[in-house]
Amino acid sequence: MDMLKFTKMHGLGNNYIYINMFEETIDEADLPRLAAEVSNPYTGIGSDGMILICPSKLAPVKMRIFNNDGSEAKNCGNGLRCVAKYAYENDLVRETEFQIETLGGLVTAKVTTDNNKKVSLVTVNMGNPILQPQQIPVTGFNHLQQVVNEEVSFGDTPLKLTAVSMGNPHAVFFVDSIEDAPLHSLGPIIEKDSMFPDWVNAEFVEVVSESEMHFRVWERGSGITQACGTGACAAAVAAVLNKKAERNTDITVHLAGGDLIINWKENGDVWMTGPAEIICTGEYHNNR
Ligand SMILES: N[C@@H](CCC[C@H](N)C(=O)O)C(=O)O
């Protein structure tokens with residue numbers, strides 16, 4: 001693989017290098033290194049990571065997501081919306097509602113198109129949140145069914161943790177002011193705390209009302225990003241668990257890169273709606 005065709009896309013500023021694996025071939029062993037290399041803003045293309053759009057036996061397409069440190073995650077909300085847009089606009093699917101396989105299972109995506117068949121908005125059924133501590137995973141709470149508003153501390157800083165998995169692990173902390181959230185100082189410490197055996201995405205959330213919240217994220221394997229779709233879902237679920245919001249209600253989550261609408265339905269599914277955009281296409285020259 002000397003040269004790879006790529007599409008750079010973003011969902012609310014959370015940007016990845018997308019590779020169409022219907023057309024490209026990459027050795028499995030090279031994927032972590034390649035993800036880190038293309039993500040490098042100085043010697044690569046620059047991104048939060050790399051996403052593969054792959055053939056699937058279970059659905060029209062399968063998504064694989066690698067963070068910019070080369071680690072692979074099981075899910076990515078902003079990535080799913082971009083994969084749905086890419087698949088529809090490149091005729092990998094013909095219907096406006098279709099399934100996408102992830103390492104965490106199948107999800108359903110619905111695309112909204114304009115007159116030119118361009119996808120402007122994507123809604124994804126992200127499935128049920130996982131709340132049992134062992135499955136998230138978060139240690140020290142095996143006596144509990146759920147980790148909701150539990151006292152923890154990182155260094156000298158006490159915080160109240162609500163832990164949610166959306167296929168990938170999230171630690172949600174409610175704060176009084178999003179501007180004062182200790183994202184830079186505590187994000188990297190929380191991410192790799194031994195309480196989280198698989199590491200964790202750390203999110204700070206300021207609730208404005210039952211249907212509106214501000215959100216900032218330190219992503220596992222990528223650091224601060226403009227947006228995290230699974231994180232926004234986890235934040236809305238955490239707000240309901242903490243009685244700050246309600247099920248079956250659209251919640252507008254204000255991320256650094258823009259807004260997502262999240263709704264935790266009565267049947268347990270979490271729905272996410274937001275935009276997906278193409279930045280550029282090109283050829284990456286692999287110098288190894
Ligand atoms: N940005 C993503 C999540 C990407 C994976 C995450 N960093 C992890 O390691 O779990 C999203 O939009 O959900």
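A few points about this structure:
- Matching residues, the stretch 269-288, being β-branched (Val, Ile, Thr) and crowded, with 19+ Cβ neighbours inside 10 Å: 270
- Residues in the stretch 209-245 that are assigned to a strand (DSSP E or B) and either touching a residue at least 12 places away in the same chain (Cβ under 8 Å) or closer than 23 Å to residue 139 by Cβ (or both): 212, 213, 214, 215, 216, 217, 218, 219, 223, 224.
Residues checked against (1) crowded, with 17+ Cβ neighbours inside 10 Å; (2) within 16 Å of the ligand (Cβ to nearest atom); (3) assigned by the TED database to the domain that holds residue 19; (4) of a type outside the set (Gly, Ala, Ser):
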residue	(1), (2), (3), (4)
54	no, no, yes, yes
63	yes, yes, yes, yes
84	yes, yes, yes, no
87	yes, no, yes, no
93	yes, no, yes, yes
96	no, no, yes, yes
106	no, no, yes, yes
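- Some residue of the stretch 141-163 being modelled with pLDDT of 95 or more, within 16 Å of the ligand (Cβ to nearest atom) and not assigned by the TED database to the domain that holds residue 67: yes
- Number of the condition not met by residue 192 [criteria: (1) surrounded by fewer than 18 Cβ atoms within 10 Å (Cβ to Cβ); (2) in contact with a strand residue (DSSP E or B) (Cβ under 7 Å, 6 or more places away or on another chain); (3) of a type outside the set (Ser, Thr, Tyr)]: (2)
- Given (1) polar (S, T, N, Q); (2) more than 16 Å from the ligand (Cβ to nearest atom); (3) in contact with a helix residue (DSSP H, G or I) (Cβ under 6 Å, 6 or more places away or on another chain), index of the condition residue 168 fails: (2)
- Qualifying residue in the stretch 210-224 (condition: surrounded by fewer than 20 Cβ atoms within 10 Å (Cβ to Cβ), under 22 Å from residue 103 (Cβ atoms) and within 16 Å of the ligand (Cβ to nearest atom)): yes
- Residues in the stretch 196-208 that are more than 9 Å from the ligand (Cβ to nearest atom), buried (at least 19 other Cβ atoms within 10 Å of the Cβ) and part of a loop (DSSP other than H, G, I, E, B): 196 only.
- Yes/no for residue 276 being touching a Lys or Arg at 6+ places or on another chain (Cβ under 7 Å) and within 23 Å of residue 176 (Cβ to Cβ): no
- Residue within the stretch 74-82 that is polar (S, T, N, Q) and away from the ligand (no atom under 14 Å from the Cβ) present: no
- Residue pairs whose Cβ atoms lie under 7 Å apart, separated by 6 or more positions or on different chains, with the first residue in the stretch 75-100 and without any contact (Cβ under 8 Å) to a residue 40 or more places away in the chain and the second within 16 Å of the ligand (Cβ to nearest atom), are 87/53; 98/109.
- Some residue of the stretch 229-241 being surrounded by fewer than 24 Cβ atoms within 10 Å (Cβ to Cβ), farther than 23 Å from residue 40 by Cα and away from the ligand (no atom under 12 Å from the Cβ): yes
The values are calculated or read from the model by the stated rules, or taken from the named source; none is laboratory data. Remember, predicted model here, so these are calculated numbers, not experimental data. FYI the Cβ positions are ideal-geometry reconstructions off the backbone, even for glycines, and counts take in every protein chain you see.
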